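Mind looking over this structure? Questions follow.
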Amino acid sequence: MLEFSTLGTFVVVVLGLFLVPGPAVLLTTSSTIRGGRKTGILTGLGIATGDFIHTMFAAMGLSTILMTSAAAFNLVKYAGAVYLIYMGLKAIAEKPNKQVLPSFQRHQVFKHTVKLYWQRY
């Protein structure tokens with residue numbers, strides 16, 4: 001059973017962790033400064049979606065499986081490495097964009113919004 005003193009210590013530590021800005025806060029702040037309110041909101045929604053999916057995996061016990069199974073952990077680790085290499089090569093091959101503010105046609109707004117959401121996810 002959780003004792004009151006232990007619970008108090010836990011609450012203080014968790015509150016301290018909430019006060020320290022992490023990478024998600026820095027990403028959201030920089031996206032908002034660079035792209036405005038809508039970009040910041042979409043960034044936050046993408047981060048929340050990723051957190052939700054991670055939480056669901058943990059609740060289903062998949063995190064425990066990854067911690068106890070070396071083969072499953074290595075599979076996820078190498079899949080992540082391949083994905084990061086792919087993203088890096090894609091960024092290197094991409095032509096630099098000279099245009100500071102993109103001009104969108106009305107029909108492109110939804111496509112851009114969806115792309116922005118998944119980019120942050």
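What follows draws every value from the coordinates through simple rules; no lab data is involved. Keep in mind that this is a model prediction, so the values were computed, not measured.
Pairs LYS95/LYS115; LYS77/LYS111; LYS38/LYS95; LYS38/LYS90: which are spaced more than 22 Å apart, C-alpha to C-alpha?
Over 22 Å Cα-Cα: LYS77/LYS111; LYS38/LYS95; LYS38/LYS90.
May I pose another question? HN-Hα J couplings of segment 6-17 from phi, Karplus 6.51/-1.76/1.60, θ = phi - 60°, integer Hz, Gly and Pro as x?
Working through the residues one at a time gives 5, 4, x, 4, 4, 4, 5, 5, 5, 4, x, 5 Hz.
Residue-wise, which Karplus ³J(HN,Hα) couplings in Hz belong to segment 83-96, taking 6.51 cos²θ - 1.76 cosθ + 1.60, θ = phi - 60°, and x for glycine or proline?
5, 5, 5, 4, 5, x, 5, 5, 5, 5, 6, 5, 6, x
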